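The values are calculated or read from the model by the stated rules, or taken from the named source; none is laboratory data. Predicted model only: the values in this text are computed from it and were never measured. When we count neighbours, we look across all protein chains shown, and the Cβ atoms used for this are built from the backbone with ideal geometry, even at glycine. With ligands, DNA and RNA removed, areas are computed over all heavy atoms of the protein, side chains included. Shrake-Rupley method; radii C 1.70, N 1.55, O 1.52, S 1.80 Å.
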Amino acid sequence: MHHNCATALYQNKYRVESARLQGWDYRSPGWYFVTMCTQHHTCLLGTITGGRVKFSPAGEIADSELRNLPHHYVNVSIDQFIVMPNHIHAIVVVDGQHRHSPNPETCTEPLGNGLVLVPPKAQSLAAVVRSYKAGVTRRCHEMGLKNFAWQAGFYDHIVRASTSLQAIRDYIEANPANWPQDPENHP
């Protein structure tokens, strides 16, 4: 499940082609296999020793923020994930409304105390990933880890079948053991 970025010329400049499925509304409920990489695939999140991940301070933050992500959204849960030295794989489940939704039937917090209603685009997979990456980066910088940065964007795959879901879960689980053969392994 190696991911390559396709490039194309736009106004005589190279740009990354979108890997998003044309016509799919990424605010739709669904299961998404997401991969986020550190900038230049630098191993900032940890190391692999004996087939196990040993987190760096940035890796501890990335792990903690991913575990806490469902506390920020009523409509998001994490089925399975792994923080690797230079990337993260996660199965992100999007369902329902955001915790700040104006729909009183699904709102779990009062809409007082200065909470701002979130526009519908904030419920998209991209908004969730962007928020996660921003939170990890902010916490890393607050901890003095000023060199921490993410690669722009992320990769996703819409999970459409239980056999595909199980294959992705197996891939995530085996990722640390497969690190020596991983093309993203740039020591």
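Going residue by residue through region 45-52, is there one that turns out to be at pLDDT 55 or above, in a strand (DSSP E or B), within 25 Å of T163 (Cα to Cα) and open to solvent by less than 40 Å² (accessible area, probe 1.4 Å)?
No, because not a single residue in region 45-52 is at pLDDT 55 or above, in a strand (DSSP E or B), within 25 Å of T163 (Cα to Cα) and open to solvent by less than 40 Å² (accessible area, probe 1.4 Å).
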Every residue in region 138-154 that is under 14 Å from the mean Cα position of the chain (by Cα) and loosely packed, with under 11 Cβ neighbours inside 10 Å, please. A152
Looking only at region 53-64, how many residues end up being within 16 Å of S77 (Cα to Cα) and either part of a loop (DSSP other than H, G, I, E, B) or in contact (Cβ under 8 Å) with a residue 60 or more places away in the chain (or both)? 1
Filter region 26-36 down to the residues that are in a strand (DSSP E or B) and open to solvent by 10 Å² or more (accessible area, probe 1.4 Å), then identify the one that is nearest to N185 (Cα to Cα). W31
Within region 109-129, is even one residue acidic (D, E) and modelled with pLDDT of 95 or more? no
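Restricted to region 53-92, and to residues that are among the aromatic types (F, W, Y) and touching a His at 6+ places or on another chain (Cβ under 7 Å), which residue is least open to solvent (accessible area, probe 1.4 Å)?
For region 53-92, the residue satisfying everything is Y73.
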